[in-house]
Amino acid sequence: MTFAVEFSIGPNPPARLDKALARDVPAEAALSRSRLARLIAEGAVTVDDVVVTDPRFRIAEGAAICVAVADAAESHIESEDIRLDIVFEDDDLIVVNKPAGMVVHPAPGTPGGTLVNALIHHCGDTLSGVGGMKRPGIVHRIDKDTSGLLVAAKTDRAHHALADQFAAHTVERRYLAICYGVPDANDPRLRGIKGASFEAGNILKVQTLLGRHRTDRQRQAVSFTAGRHAVTRSRILQPLGAPPCAALIECWLETGRTHQIRVHMAHCGHGLIGDPVYGGRRKLSPKAVGEAGTTAAAEFGRQALHAATLGFVHPVTGTSLQFASEMPVDMCDLLRNLGGTS
């Protein structure tokens, strides 16, 4: 089944067909720029009743446009009835609180049991289609063993607008983490680490390039010659231990690269407790945190990282939205065992 989206090109259009369509297509059609580009290439667009497949076609004001849009196809990803902790949902997007241990998107090693499988089941017919397929639009991810907030789009239009916000780094994302050591400006060691500096308020700023590790393709690594620009900031919320040997910190992202917080904190010598990849084999002193604290840190089964705050502009209404998620039970227990308060 297909339906037709018909409209006219408005005054002073961009010279190119693809740009003019992106500007003038009715918002209710929920067609993103990338989807329109594919439809042009597929021969689904007519200009004054003539099929045009060249996105550079010069368009004129008043031209009559018809876009033939096929109904969204069923996704090849299976629907699975998995319980979701839904924080917010409307016709355009859904915000969920992902538990630690859940993969976001199916992959060869994890074909099922993912957040996307669960979203397809939960959203059902309310998914109007992203890229021509009935699936949620994933615009950002958090690691399997990181808990916390994640937003997914339910329409093509919302997906494109949210992706633009993430690309422009205007989305607010704040994380709670428990790290080894205390990343304090008074530590002279930190001031000697390349890429690390301090801002007012004892805020640690780490600015490096990030890319794949040379020998382990599953890891990311800091570089100063190749990779993608990455900036992480953090501040101490609670020093832990007497004397302090760990800390509850808040981290926030200027960029959003794979494993960014985990890699940057490890680069500074403050890897996250429980992190099997970047945390190192450190052991907290029983004299500082007691036997319970030492055991809790040694046995913590994942990186102690939680996506606690997510803020963005609604892609359709323009309303500013902000969501918060409390630290999960396992991290609260770890914090208490280390002498902190949650």
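Scanning region 239-248 turns up no residue that is under 16 Å from the mean Cα position of the chain (by Cα) and closer than 29 Å to SER342 by Cβ. Taking the criterion of being touching a residue at least 24 places away in the same chain (Cβ under 8 Å) and either part of a strand (DSSP E or B) or loosely packed, with under 14 Cβ neighbours inside 10 Å (or both), the residues of region 214-223 that qualify are GLN218, GLN220, ALA221, VAL222. For ALA177, are the conditions met, namely being touching a Leu at 6+ places or on another chain (Cβ under 7 Å) and buried (at least 20 other Cβ atoms within 10 Å of the Cβ)? Considered against the rule, which asks whether it is touching a Leu at 6+ places or on another chain (Cβ under 7 Å) and buried (at least 20 other Cβ atoms within 10 Å of the Cβ), ALA177 comes out as yes. Looking at this structure, is ILE59 farther than 21 Å from PRO14 by Cβ, at pLDDT 90 or above and either surrounded by 12 or more Cβ atoms within 10 Å (Cβ to Cβ) or among the hydrophobic types (A, V, I, L, M, F, W, C) (or both)? No.
Just to be sure before I move on: is ALA30 among the small types (Gly, Ala, Ser), under 28 Å from CYS123 (Cα atoms), crowded, with 20+ Cβ neighbours inside 10 Å and within 34 Å of the chain's Cα centre (by Cα) in the structure I sent? Here the answer is yes, as ALA30 does meet what is asked.
For region 224-246, the count of residues that are polar (S, T, N, Q), touching a residue at least 60 places away in the same chain (Cβ under 8 Å) and closer than 26 Å to THR294 by Cα is nonzero. Take THR341 and tell me if it is in a loop (DSSP other than H, G, I, E, B), among the β-branched types (Val, Ile, Thr) and more than 18 Å from THR208 (Cβ to Cβ). The answer is yes for THR341. When ASP143, ASP92, ASP125 are checked against the criterion of being exposed (fewer than 15 other Cβ atoms within 10 Å of the Cβ) and either over 25 Å from ALA230 (Cα atoms) or not hydrophobic (A, V, I, L, M, F, W, C) (or both), ASP125 stands alone in meeting it. Among the residues of region 273-282, is there at least one that is assigned to a strand (DSSP E or B) and at pLDDT 95 or above? No: zero hits. Among the residues of region 327-342, write down those that are out of contact with any helix residue (DSSP H, G or I) (no Cβ under 8 Å at 6 or more places or on another chain), modelled with pLDDT of 95 or more and not β-branched (Val, Ile, Thr). Selection gives PRO328, ASP330, MET331, CYS332, LEU335, ARG336. Apart from one condition, ALA163 fits all of (1) small (Gly, Ala, Ser); (2) crowded, with 16+ Cβ neighbours inside 10 Å; (3) not in a helix (DSSP H, G or I); the exception is (3). GLY211 meets the conditions (1) farther than 19 Å from VAL171 by Cβ; (2) assigned to a loop (DSSP other than H, G, I, E, B) in every case but one. The failed one is (2). Condition check for PRO286 on (1) farther than 18 Å from ALA304 by Cβ; (2) crowded, with 19+ Cβ neighbours inside 10 Å: one failure, at (2).
Reported count of residues in region 189-201, each being touching a strand residue (DSSP E or B) at 6+ places or on another chain (Cβ under 6 Å) and in contact (Cβ under 8 Å) with a residue 24 or more places away in the chain, is 4. For region 75-159, the strands (runs of 3 or more DSSP E) that sit wholly inside it and include 2 or more residues that are touching a helix residue (DSSP H, G or I) at 6+ places or on another chain (Cβ under 9 Å), closer than 27 Å to ILE261 by Cα and at pLDDT 95 or above are 93-98, 147-153. Of everything in region 33-46 that is touching a helix residue (DSSP H, G or I) at 6+ places or on another chain (Cβ under 7 Å) and of a type in the set (A, V, I, L, M, F, W, C), the residue that is surrounded by the fewest Cβ atoms within 10 Å (Cβ to Cβ) is ALA37. Exactly one residue out of ALA242, ALA226 is loosely packed, with under 15 Cβ neighbours inside 10 Å, part of a loop (DSSP other than H, G, I, E, B), in contact with a strand residue (DSSP E or B) (Cβ under 7 Å, 6 or more places away or on another chain) and among the aliphatic types (A, V, I, L, M), and it is ALA226.
Of all the listed residues (THR255, THR232), the sole one being exposed (fewer than 15 other Cβ atoms within 10 Å of the Cβ), within 27 Å of VAL95 (Cβ to Cβ) and within 25 Å of the chain's Cα centre (by Cα) is THR255.
The values are calculated or read from the model by the stated rules, or taken from the named source; none is laboratory data. What you are looking at is a predicted structure, and each value in this text was computed from that prediction instead of being measured. Methodologically, a virtual Cβ is constructed for each residue, glycine included, from the backbone with ideal geometry; neighbour enumeration extends over all protein chains shown.
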